[in-house]
1. In this structure, is LEU177 under 21 Å from the mean Cα position of the chain (by Cα) and not small (Gly, Ala, Ser)?
2. Mind listing just one residue for me: the one in segment 114-170 that is of a type in the set (Gly, Ala, Ser) and over 17 Å from the mean Cα position of the chain (by Cα) and, of those, modelled with the lowest pLDDT?
3. Would a scan of segment 183-195 turn up a residue that is modelled with pLDDT of 95 or more and closer than 30 Å to ILE42 by Cβ?
4. Kindly establish whether LEU173 is surrounded by 14 or more Cβ atoms within 10 Å (Cβ to Cβ), within 27 Å of SER41 (Cβ to Cβ) and not polar (S, T, N, Q).
5. Return yes when SER136 is without any contact (Cβ under 8 Å) to a residue 24 or more places away in the chain and closer than 23 Å to VAL242 by Cα and no when it is not.
6. Pairs, please: C-beta under 8 Å, at least 6 apart or cross-chain, first residue farther than 12 Å from ARG268 by Cα and among the β-branched types (Val, Ile, Thr) and in segment 177-192, second buried (at least 17 other Cβ atoms within 10 Å of the Cβ) and at pLDDT below 95?
7. Can you say whether LEU118 is closer than 24 Å to ASP159 by Cβ and either in contact with a helix residue (DSSP H, G or I) (Cβ under 7 Å, 6 or more places away or on another chain) or not basic (Lys, Arg) (or both), as far as the supplied structure shows?
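The values are calculated or read from the model by the stated rules, or taken from the named source; none is laboratory data. As the structure is a computational prediction, the values presented were derived from the model and not from experiment. Neighbour counts are summed over all protein chains in view; Cβ atoms, including those assigned to glycine, are modelled from backbone coordinates with ideal geometry.
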Amino acid sequence: MKTKAAFKFLLPALLISFLFIAACFKKGAYAPIQDELSVDSIITIKALRKMHAIGAAEQIQKNMTIVAWVVANDEYNNLYKTLSVQDSTGGILFLIDGLNLYQTFPVGVKLKIRVQNLILTDYRRMYQIGASIDSSNGNENLIGLPIPLLSKHITILKDAMPIQPLSVSYKNLADSLQGRLIKLTNVEFASADTGLTFADKRNKIGASRGVKICSGGSLYVRTSGYANFAGVKVPPGNGELVGIYSVYNTEKQIILRDTSDILFKNKRCSGAAWLKN
């Protein structure tokens, strides 16, 4: 009788244990893990960026980790095989050799990224990290992290949460803001560009559209010809512009995640201040 009674209570316990283990496997390799931050030496993105010399490519030798939030991905195809990640000190582009990254890494998700053995470099002065350098065509091109290596380098620490852009004035735009989600106010597209499409969707050719800051200054919105909104017309009006700060050599750029990052509700300014570039 005692054996039957013990088995009666043991069976539910075994069933619960089995279901728990099955649930853990179902979460997959990128399930949130909260207790791994002490494994590696954590550094800031600002410190990581300081390890790079413009024009060079450095393989990161030390066992180091950055903890960052995804602020842009490939959901609307204006970034290709790339995540833009940031912490409180800076941002950087992270190249991954895969498609539909947004399904695994939505905007706002918190990541632990192990950067040991990754390559730190830049493209036209825009900082980025990836897996290796391909020189087969005579140029040095950064190759993204292969999908099979994701679980070795990336851990999701927290599910997606809202990310607020950093409000920045034109005079404070600097390389230290690369890869960060920023917001500019009292801006509008150049009159010559309003009515044009963001890029050439038909021929899949990217384009830059001028943006004027009414208090003085200008930069460009850069859009891929493959972006979902490449064929959308550049709006008139004036207001706020949100996006990832980028550079192309000395040219200041904003990379839109989607046209919802354009918040134009005001009338255009006179244009006289544009001469203060």
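1. Considered against the rule, which asks whether it is under 21 Å from the mean Cα position of the chain (by Cα) and not small (Gly, Ala, Ser), LEU177 comes out as yes.
2. Within segment 114-170, the match that is modelled with the lowest pLDDT is GLY138.
3. Yes: one or more hits.
4. Details: surrounded by 14 or more Cβ atoms within 10 Å (Cβ to Cβ): yes; within 27 Å of SER41 (Cβ to Cβ): no; not polar (S, T, N, Q): yes.
No.
5. In short, no.
6. none
7. When the stated conditions are applied, LEU118 does not pass them.
This table checks each residue for (1) modelled with pLDDT of 95 or more; (2) under 21 Å from LEU149 (Cα atoms); (3) not in a helix (DSSP H, G or I).
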residue: ILE33; (1), (2), (3): no, yes, yes
residue: VAL39; (1), (2), (3): no, yes, yes
residue: GLN61; (1), (2), (3): yes, yes, yes
residue: ILE66; (1), (2), (3): yes, yes, yes
residue: VAL70; (1), (2), (3): yes, yes, yes
residue: TYR76; (1), (2), (3): yes, no, yes
residue: LEU79; (1), (2), (3): yes, yes, yes
residue: THR89; (1), (2), (3): yes, no, yes
residue: LEU93; (1), (2), (3): yes, yes, yes
